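Undergrad: Please find one structure pasted underneath; my questions will follow.
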Amino acid sequence: MTTGEGNADLPVFKPESDVYTVYVTCTGKGKMTLVDRNAPDDDPSKIGCNGPTTHGRIYADVVPQKLAVRTDGGTVHWTLAVVSGAHPV
C-alpha cells in the first residue's frame with residue numbers, strides 16, 4: 001500500500017501470478033489516472049475521486065509491473081494498494 005499527492009511513479013513489483021487486484025481511493029478537486037508504464041500507449045485507467053474505492057483485477061504476464069499515478073486539474077490525495085491474486089472486486 002502507498003499514499004501520495006499528485007503525480008508519482010509507484011514502486012516496481014512482480015506479481016506472484018498472472019493476476020493482481022488494485023484498490024484505489026482519492027480525494028480532491030482534480031482528476032486521477034492509473035498508468036501502466038510498461039505500456040504507456042494503452043488507455044490509462046481513470047479513477048473517480050471523492051467517492052467509493054475503485055478496484056479492479058489486472059491480468060498481466062508475471063514480469064515486473066511499473067504503474068504510475070497521474071493527476072490533473074487540482075490537488076489530489078490518493079491511496080493505492082496492490083494485492084496479488086484475484087480478490088473480490
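Undergrad: Under 20 Å between alpha carbons, and skipping anything fewer than 8 positions from Lys29 in its own chain: which lysines qualify?
TA: Within the straight-line cut-off, Lys29 pairs with Lys46.
Undergrad: Quick check for me: using +1 on Lys/Arg Cβ and -1 on Asp/Glu Cβ, what's the dipole size of the range 1-46 about its Cα centre, in debye to the nearest 20?
TA: 280 debye
Undergrad: A follow-up question, please. In nm², what is the average projected area of the convex hull enclosing the Cα atoms of the range 1-44?
TA: Averaged projected area of the range 1-44's Cα convex hull equals 3.9 nm².
Undergrad: Now, a different point. Might you tell me the accessible area per residue for the range 1-85, computed with a 1.4 Å probe and given in Å²?
TA: 60 Å²
Undergrad: Can you pull the percent of the chain's accessible area that's carbon plus sulfur, 1.4 Å probe, other chains left in place?
TA: Ligands and nucleic acids excluded, carbon and sulfur give 50 percent.
Undergrad: Additional query: Once fully extended, how much extra length lies between Thr75 and Lys29, figured as 0.36 nm per residue of separation less the alpha-carbon to alpha-carbon distance?
TA: Full extension of this stretch gives 16.0 nm more.
Undergrad: Another question, if that's okay. Tell me the relative contact order for the chain as a rounded percent, counting alpha carbon contacts under 8 Å between residues six or more apart.
TA: 49 percent
Undergrad: Also, quick follow-up: Calculate one ³J(HN,Hα) per residue across the range 6-23 by plugging θ = phi - 60° into the Karplus curve 6.51 cos²θ - 1.76 cosθ + 1.60, and present them in order as whole Hz with x for glycine and proline.
TA: x, 5, 7, 8, 7, x, 5, 9, 10, x, 7, 9, 7, 9, 9, 10, 10, 10
Undergrad: Okay, moving on. In debye to the nearest 20, how big a dipole does the chain give about its Cα centre with +1 on each Lys and Arg Cβ and -1 on each Asp and Glu Cβ?
TA: 280 debye
Undergrad: Among [x] 23, 14, 11; [y] 26, 19, 12; [z] 21, 14, 11, find the value of semi-axes √(5λ) of the Cα gyration tensor in Å that was calculated from the structure presented, and write down its label.
TA: [z]
Undergrad: Going Cα to Cα from Lys14, which aspartates and glutamates come in below 16 Å? Please leave out same-chain ones fewer than 8 positions away.
TA: Result set, ordered by chain and number: Asp36, Asp61.
The values are calculated or read from the model by the stated rules, or taken from the named source; none is laboratory data. For clarity, every value in this text was computed on a predicted model and none was experimentally measured. We place every Cβ from the backbone using ideal geometry, glycine too, and count neighbours over all the protein chains shown. SASA here: full protein model, heavy atoms, side chains in, ligands and nucleic acids out. Shrake-Rupley method; radii C 1.70, N 1.55, O 1.52, S 1.80 Å.
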